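For reference, the structure is listed below as structure tokens.
The values are calculated or read from the model by the stated rules, or taken from the named source; none is laboratory data. Being a predicted model, the structure only gives us computed values, none of them experimental. Methodologically, a virtual Cβ is constructed for each residue, glycine included, from the backbone with ideal geometry; neighbour enumeration extends over all protein chains shown.
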Amino acid sequence: MQSIYDFTLDELKEQLKPSFRAKQVYNWLYKKYASSYDEMKNIPNDLKDKLKKNYALDIMKIVKKEKSLDGSIKYLFQLHDGLTVEAVLLLMKKKKVNDEGIIERSEKYTVCISSQVGCKVGCTFCLTAKGGFVRNLSVGEYIAQIVNIKRDNNIPENKSLNIVYMGMGEPLDNYKNFVKAVKVFSELDGLAISRRRQTVSTSGISSKIEKLGKEDLGIQLAISLHAVDDELRSELIPMNKAYNIESIIQAVRNFPVDTRKKVMFEYLVIKDKNDDIASAEKLLKLLNGIKAKVNLIYFNPYPGTPYQRPESKDMVKFQEYLINKGLLCTIRESKGLDISAACGQLKEKEANGSS
């Protein structure tokens, strides 16, 4: 059965007559986070019956969550077919209240959502890869991750958040559903998440990056680069043999970037693999001429991985080298280290029956 979350507002207007009912249903779904059609008080019973019969609403449920001391929450969702995927709510900035009790700044959230059950890419540092690829998520399964998280945390409908497509799976391998999800998320009568607040993180399928650039959706681009030469990148990301670094960089150069934004290059730093100044020098040359920002990420160890977390001093040296050469570079603040932070880790723990 198709999900009610699969539809843009215009598509739902085609399904529901009179068409103003579609906007009412959208309001219940995305402003009030209704979890059943029976909650929709201003919808006639005959229409509710039609909706129940034709469009599934309760398409995923939270089966486990872990909350970090830093406010991050890792979710494990069970889908209609019993499969599971993860998403993470990151508290980027806490609420700021002055001495009079007046809120000077509200919370700022980013949500990392999944695109697939499993993944085809097979990165050697990623726990998700261990389970192989099972299936793509539907449009509705993209949307329901955000709705469930907003509902679970009582995040007001007018409270904006950022979405990063960088959970389990490769978004550009689920191209059609991913692109439509971007459009549904940005519906003003729905969740109203601006496309500028949506970032797709890809492991570098250069042909799909080119295709996405031609769509000109207005979203932000992040490249999971992680290495500065094809030998190491092919070890970390076997798909690099098909889409090498040169092809990725060329696709990025052709990608339309908002004049106020930069292309993010994610660089997972692994001890004694890619944490030296020689790698920083190569990275600088590689990104020459691109409006780029480098985000250095500490590798999060998990049981059985051969890779190690880098030393903080080496991260800082790497960052300082790039900054001193004029390339914007940040070190991502590690979040959720006290919980199952790595992609696939909570799913793996649940599958193994550990707490």
Practice item. Inspect the range 161-172 for any residue being of a type in the set (A, V, I, L, M), more than 30 Å from Pro303 (Cβ to Cβ) and surrounded by fewer than 22 Cβ atoms within 10 Å (Cβ to Cβ) and give the result as yes or no. Key: yes
Check your understanding: Given the conditions (1) out of contact with any helix residue (DSSP H, G or I) (no Cβ under 7 Å at 6 or more places or on another chain); (2) in contact (Cβ under 8 Å) with a residue 24 or more places away in the chain, and given that Ser115 satisfies all but one, which numbered condition is not satisfied?
Key -> (1)
Review point. Of all residues in the range 144-163, how many are of a type outside the set (Asp, Glu) and part of a helix (DSSP H, G or I)?
Key: 8
Check your understanding: Within the group Ser224, Ser186, Ser206, which residue is crowded, with 16+ Cβ neighbours inside 10 Å, among the small types (Gly, Ala, Ser), out of contact with any strand residue (DSSP E or B) (no Cβ under 7 Å at 6 or more places or on another chain) and within 23 Å of Phe133 (Cβ to Cβ)?
Key -> Ser206
Exercise for review: Select from the range 252-275 the residues that are crowded, with 16+ Cβ neighbours inside 10 Å and either free of Cβ contacts under 8 Å to residues at least 24 places away in the same chain or of a type in the set (Asp, Glu) (or both) and list them in ascending order.
Suggested key: Glu266, Asp275
Point to revise | Residues satisfying the stated conditions in the range 237-259, i.e. more than 16 Å from Ala222 (Cβ to Cβ), outside any helix (DSSP H, G or I) and out of contact with any helix residue (DSSP H, G or I) (no Cβ under 8 Å at 6 or more places or on another chain) | key: Ala242, Thr259
Check your understanding: Does the range 24-56 hold any residues that are more than 15 Å from Val147 (Cα to Cα), aliphatic (A, V, I, L, M) and either free of Cβ contacts under 8 Å to residues at least 40 places away in the same chain or exposed (fewer than 15 other Cβ atoms within 10 Å of the Cβ) (or both), and which are they?
Key -> Met40, Ile43, Leu47
Study note, to complete from the structure: Flagged in the range 231-242 as closer than 14 Å to Thr202 by Cβ and touching a Lys or Arg at 6+ places or on another chain (Cβ under 9 Å), in numbering order, are Met239, Asn240
Exercise for review: Mind listing whichever residues of the range 20-32 are part of a helix (DSSP H, G or I) and not small (Gly, Ala, Ser)?
Suggested key: Phe20, Arg21, Lys23, Gln24, Val25, Tyr26, Asn27, Trp28, Leu29, Tyr30
Practice item. Please state which of the following conditions Ser35 fails to meet, knowing it meets all the rest: (1) touching a strand residue (DSSP E or B) at 6+ places or on another chain (Cβ under 8 Å); (2) assigned to a loop (DSSP other than H, G, I, E, B). Key: (1)
Point to revise | Given (1) under 30 Å from Phe318 (Cα atoms); (2) part of a helix (DSSP H, G or I); (3) in contact with a helix residue (DSSP H, G or I) (Cβ under 6 Å, 6 or more places away or on another chain); (4) β-branched (Val, Ile, Thr), number of the condition Val200 does not satisfy | key: (2)
Practice item. Give the residue, chosen from Glu86, Glu100, Glu141, that is part of a helix (DSSP H, G or I), assigned by TED's automatic domain parsing to the domain that holds Gly204 and either among the acidic types (Asp, Glu) or touching a Pro at 6+ places or on another chain (Cβ under 8 Å) (or both). Key: Glu141
Review point. Does Gln78 satisfy the condition of being of a type outside the set (D, E, K, R), under 27 Å from Gly169 (Cβ atoms), surrounded by 15 or more Cβ atoms within 10 Å (Cβ to Cβ) and under 28 Å from the mean Cα position of the chain (by Cα)?
Key: yes
Point to revise | Extreme residue, farthest from Lys241 (Cα to Cα), among residues of the range 103-124 that are assigned to a loop (DSSP other than H, G, I, E, B) and small (Gly, Ala, Ser) | key: Ser106
